[in-house]
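Before any comments, here is the structure.
The values are calculated or read from the model by the stated rules, or taken from the named source; none is laboratory data. For clarity, every value in this text was computed on a predicted model and none was experimentally measured. No Cβ is skipped: glycine too gets one built from the backbone with ideal geometry, and neighbour counts run over all protein chains shown. Surface areas here come from the heavy atoms of the whole protein model, side chains and all, with no ligands, DNA or RNA. Shrake-Rupley method; radii C 1.70, N 1.55, O 1.52, S 1.80 Å.
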There are 2 protein chains.
Amino acid sequence: MILRMSSLFLRTLREDPADAEVPSHKLLVRAGYIRRTAPGVYTWLPLGLRVLRKVEQIVREEMDAIGAQELVFPALLPREPYEATGRWTEYGPNLFRLKDRKGADMLLGPTHEEMFTLVVKDLYSSYKDLPLSIYQIQNKYRDEARPRAGVLRGREFVMKDSYSFDVDDEGLAASYEAHRGAYIKIFDRLGFDYVIVQAMSGAMGGSRSEEFLAIAANGEDTFVRSAGGYAANVEAVVVAPAAPVDASGVPASEVVDTPDTPTIETLVDALNAKHPRADGREWTAADTLKNVLVVLVHPDGTREPLAIGVPGDRAIDEKRLGAQVEPAEVVAFEEADFAKHPALAKGYIGPGVLGAENTSKIRYLLDPRVAEGSAWVTGADKAGYHVINLVHGRDFTADGTIQAAEVRDGDAAPDGSGPLESARGIEMGHIFQLGRKYADALDLKVLDQNGKLVTVTMGSYGVGVTRAVAAIAEGNHDELGLVWPREIAPADVHLVATGKDAEVFAKAAELAAELESRGLTVLYDDREKVSPGVKFKDAELIGVPTIAVVGKGLAEGTIEVKDRRTGDRTDVPVADVVNHLVTTITP
Amino acid sequence: MILRMSSLFLRTLREDPADAEVPSHKLLVRAGYIRRTAPGVYTWLPLGLRVLRKVEQIVREEMDAIGAQELVFPALLPREPYEATGRWTEYGPNLFRLKDRKGADMLLGPTHEEMFTLVVKDLYSSYKDLPLSIYQIQNKYRDEARPRAGVLRGREFVMKDSYSFDVDDEGLAASYEAHRGAYIKIFDRLGFDYVIVQAMSGAMGGSRSEEFLAIAANGEDTFVRSAGGYAANVEAVVVAPAAPVDASGVPASEVVDTPDTPTIETLVDALNAKHPRADGREWTAADTLKNVLVVLVHPDGTREPLAIGVPGDRAIDEKRLGAQVEPAEVVAFEEADFAKHPALAKGYIGPGVLGAENTSKIRYLLDPRVAEGSAWVTGADKAGYHVINLVHGRDFTADGTIQAAEVRDGDAAPDGSGPLESARGIEMGHIFQLGRKYADALDLKVLDQNGKLVTVTMGSYGVGVTRAVAAIAEGNHDELGLVWPREIAPADVHLVATGKDAEVFAKAAELAAELESRGLTVLYDDREKVSPGVKFKDAELIGVPTIAVVGKGLAEGTIEVKDRRTGDRTDVPVADVVNHLVTTITP
């Protein structure tokens, strides 16, 4: 196939689009791959569509290879199944809802768990029909609060979503492993530098859950890993409860005056100045217990206050907290909320009004680092006062623990495999064992070998297809433009004819035809009144991995072949150039 | 590729689905190609998706062959462009509208004229960039009042829509011809028995317009054609104005009493009984002028009464009338409307209160058959009275003509090519010259050769892709099931292993592998505990064009090969069967 620049529906831009922040967004727009149609909603121009289809095809091939079967659901869906599973409400404002002309509630599918469950219920009835894996590659819709970074997080996007159906947990484990293997092949073929991390299952329910993250400085996800092989999305890091400590030597708790110490820093200073420790050591933030108040807004709109106790040297991580309380959203605890709870002394809140006694009626959860038997400095529930030597289990208790505190570089990996280091990534794939949540909600049962009805267990597996294009661009560019991996480049070779010489254009046209006959896709810059400089700039921007220039060298019988990634240039004799290119491109 | 029935996600049904009326709908559901998800919204199961993709690929190849370039727009679109062209309102309840979380109005694209126009405006600016043809194959949404016949008329459906952009009318004509040629190839390859008819351009505006109709008894469209080559959608038939006749011999008009004659039949009888014609001929319905009242509801909700005068022997054709007044909808003229127009004598309405004098303020349009100078019997605007010898042009006039009367078999073709005959069809493709309507509304201009800004002229070309699958099924089935044309069948051969003999299954599996290695797609019925009868029934229902049965004959060294369409059976020696099948399928 030959794509001629003279007629290709393409315009490159020299300037970055005003709304673009990350390189992939800037370059995909500037190089003419995508155009914004509405916030988070994009048009795929011819070059972009070529890349998108290649990514789709790689995903399709690897899904077919594990025996998954492709089908396609509508994007426009009825409310009822999503009502049955609770997701009509749980999705909150992220769901695009609409009414049809008869007033029936409909939605644009954000994911299709319900529909997959129902179609299997419709067609299958026996354990003999299972295992089954089915998938689709299709438009999904989520009304993101902050669509960003072009197609990296859009409101209309293409996803491959597949589901496995098994009669028992062993079957689910096998289906999960098959998908995991297929995903490794997919992300290898897409050329990602990626990591597989433990993940939260989020609003989906279920048990085992892993994410495939493309490592990228601009990624929205933070993950941590240890040299010993532990890797997890930071939201999924489970800090083990600290071992109980012996509190027998701790004196009785004591209220001390600490005026004007609403922050940990001012508190530590005041303590060291006015209330030095008996053991001579200095007070530090790690000795304090900070009680943070937030409000959970549940999908039905109800507001629930929540108190979280964490060591004073550690912040709450909003994403970790958010993941723990999903589908509720976390908002600030405001003056109006304080007014409803007069027992709370702002800046001096302690377990006295929280926790077991619950005089404030606020649920109180502790960071797992707060060991049974450990002693703390914390608020005395009175402005200007704190309490020291307050022992967990002796002097106060809580309603439970929560994994909401920040995870820091150097923290120990939960599995003991060494200190953690953090990095950022883009979530490209997510596989998880849903279990029976959806099958229960929608009554998907089959007859087992004994003729007894059993509930089917499911796995769910997603790949962000439009996002993959952006993530590949994010990981494959330089200051001049995009640098596509070969397997997904929009063309195999970018052939540039330069100058005004008719002979050059005739030779270039001949080469393009020969390359096409050898099965290559040629992006041929045959524009006549465009300068070589502009043509070279466009070639660097568009990012086809091999660039061949028919120009000045032709007089000496050579054609310049350039590797877009390395910048290496070779002058190849005209007679050899077709074989040279074919060998380079399809070795 | 081998699709094994033992694991294929498929269940055939013996009973027709309750909501299905037409054969394609019944069979596509029963044979496991599609499943209903919501009214007019369908899921494509694995076999159905295979057929759908084949249709898409044929369309894609022929579009690429004329140099059209594929891109893809979002389905979720902003309101503004559709507001600029008036279609946000004109589409009325057929448009799926929704609001995003910020309250912005959005829609699900019914067609993408606006978006195509804007993307060209975004990228191009000079006559040198044109001509251009771009297309997409994508989900479209229309909230049909009566979604019917499965995927024949759905609310979410796949369409290929392309647009051409030219600087002048000559260019548009060439782009139109190129698409027309591509469409002929597409519908030939899809195996349709089709006809190209003149069409209305409907709400789209524009000039030349043709439809490709698949001839089908269950089609929603009626078309007429003559032996001499005229063919038109019945809505697009333009009856020429009747030549003026000499009225000099017609006596003065005369009001006659015709009590109790609210219908044409009672009127003709009364006239013949009480007021015989002077020339001795009997009065017939063709001598009467029937004045029909309707109300037009415009997209903005305003109601406009309309009176239509047609010869009494001819009915109003609702579809023809509807096409003429689009985007207004036609509703009945009711008692409340009569109350607002007291001059109207129900059952005895004549041009006296309509037309030029307009005492009723109702617009009055005549059928073009009502010649200048012709004399009529019509209502005298007084209950129980008619007027005879009322001459058009002498005694009454109207506000214009309208193409709303029925077209009947035997009517003369407008081009004089002989009598018309009517038949029914399914609209599969529509090509038309939009002209400058959208370019004007959205200000798409380019610089011409003289550096002057000129408005671009556009063509619009659509193929119903999901509809094509249903239409092919509608034209290719028998009482046993579907009979797919080879090029779009879900598999090349349906291989059936019968009985319980392990040797049979071993031989069948070997054959399946050999056929796969020869590049064929094999639907292999390897189910072990299913009777031959059920397997044969499934094969007939699914409709793969060639069926090969490995069974009883194997003992005598033969395999039965059956042509699904003709029913012809051949016993082929085992050693020859692969070559026999390959030659049959890819001759």
*What is the gain in length, in nm to one decimal, between B:I2 and B:A145 on full extension, counting 0.36 nm per residue of separation less the C-alpha to C-alpha distance?*
47.3 nm
_Greater than 26 Å separation of Cα atoms is the criterion. Which listed pairs, B:K140/B:K452; A:K500/A:K562; A:K26/B:K54, meet it?_
B:K140/B:K452; A:K26/B:K54
*Give the peptides B:381-390, A:577-586 in descending order of average Cβ contacts within 10 Å, highest first.*
B:381-390, A:577-586
_With a 1.4 Å probe and all protein chains left in place, how much of the accessible area of segment B:254-401 comes from carbon and sulfur atoms, in whole percent?_
52
*What ranking, highest mean first, results for peptides A:135-142, A:553-560 when packing means the other Cβ atoms within 10 Å averaged over each residue?*
A:135-142, A:553-560
*asked:* I need the inter-copy label distances for A:D563: point set 7 Å along Cα to C-beta, values in nm with one decimal, smallest first.
replied: 5.8
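In square nanometres and to one decimal, what's the mean projected area of the convex hull around the Cα atoms of segment B:3-126?
Working: hull surface 49.7 nm².
Dividing the Cα hull surface by four gives the mean projection, 12.4 nm².
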_Give me the one-decimal nm value for the distance between modelled label points at A:V239 and A:T455, 7 Å along each residue's Cα-to-Cβ direction._
3.4
_Inter-chain shielding of B:6-19 (mean C-beta neighbours from other protein chains, 10 Å cut-off)_ = 2
*What trypsin sites (Lys or Arg not before Pro) does segment A:202-284 have in DSSP loop regions with at most 10 other beta carbons within 10 Å?*
A:R281
*Points 7 angstrom from Cα along the Cβ direction at B:D415 and B:N272: gap in nanometres?*
4.0
*Qualifying lysines (Cα of each under 29 Å from Cα of A:K290; at least 8 residues distant if same chain)*: A:K274, A:K319, A:K340, A:K346, A:K361, A:K382
*Which value, in square angstrom to the nearest 100, describes the accessible area buried between chains A and B on both sides, using a 1.4 angstrom probe?*
4600
_Value of D in µm² per second that Stokes-Einstein yields for segment B:254-401, Kirkwood Rh from Cα pairs, at 25 °C (0.890 mPa s)_ = 157
_Folded to 0 to 90 degrees: helix A:169-189 orientation relative to chain A principal axis, Cα_ = 50
*Reported to two decimal places, what Rg/Rh ratio describes the protein assembly as shown when computed on Cα atoms with Rh from the Kirkwood expression?*
1.05
*Taking the Cα-to-Cβ direction at A:D122 and at B:T397 and moving 7 Å from each Cα, how far apart do the two end points lie in nm?*
6.2
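Restricting to DSSP H runs of at least four residues, report the calculated mean residue ellipticity at 222 nm for the protein assembly as shown, -39500 (n - 2.57) per run over all residues, nearest 500 deg cm²/dmol. Display every interim value, and only then the final one.
Numbers: 28 runs with 294 residues, N = 1174.
Here the helix-only value at 222 nm equals -7500 deg cm²/dmol.
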*asked:* Need the list of aspartates and glutamates near B:K445 for cross-linking: C-alpha distance under 15 angstrom, and skip anything on the same chain fewer than eight residues off.
replied: B:E114, B:D122, B:D129, B:D166, B:D168, B:D169
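Given +1 on the Cβ of Lys and Arg, -1 on the Cβ of Asp and Glu, and no further charges, what dipole in debye does segment B:491-585 carry about its Cα centre, rounded to the nearest 20?
Details: 12 positive and 17 negative charges, 63 e Å.
In total the dipole reaches around 300 debye.
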*asked:* So for chain A, considering every pair of alpha-carbon atoms, how many percent are separated by more than 30 Å?
replied: 63
*Any idea what angle helix A:532-542 forms with the longest principal axis of chain A, computed on alpha-carbon atoms, 0 to 90 degrees, nearest 10?*
40
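Using only the Cα atoms of segment B:491-585, build the gyration tensor, take square roots of its eigenvalues as a ≥ b ≥ c, and label the shape rounded, prolate or oblate: rounded if a/c is under 1.5, else prolate if a/b is larger than b/c, else oblate. All intermediate terms of the calculation are to be shown ahead of the outcome.
Values: a/c = 1.30, a/b = 1.08, b/c = 1.20.
Rounded, since a/c falls under 1.5.
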_Other-copy label distances relative to A:T397, 7 angstrom Cα-Cβ extension, nm_ = 10.0
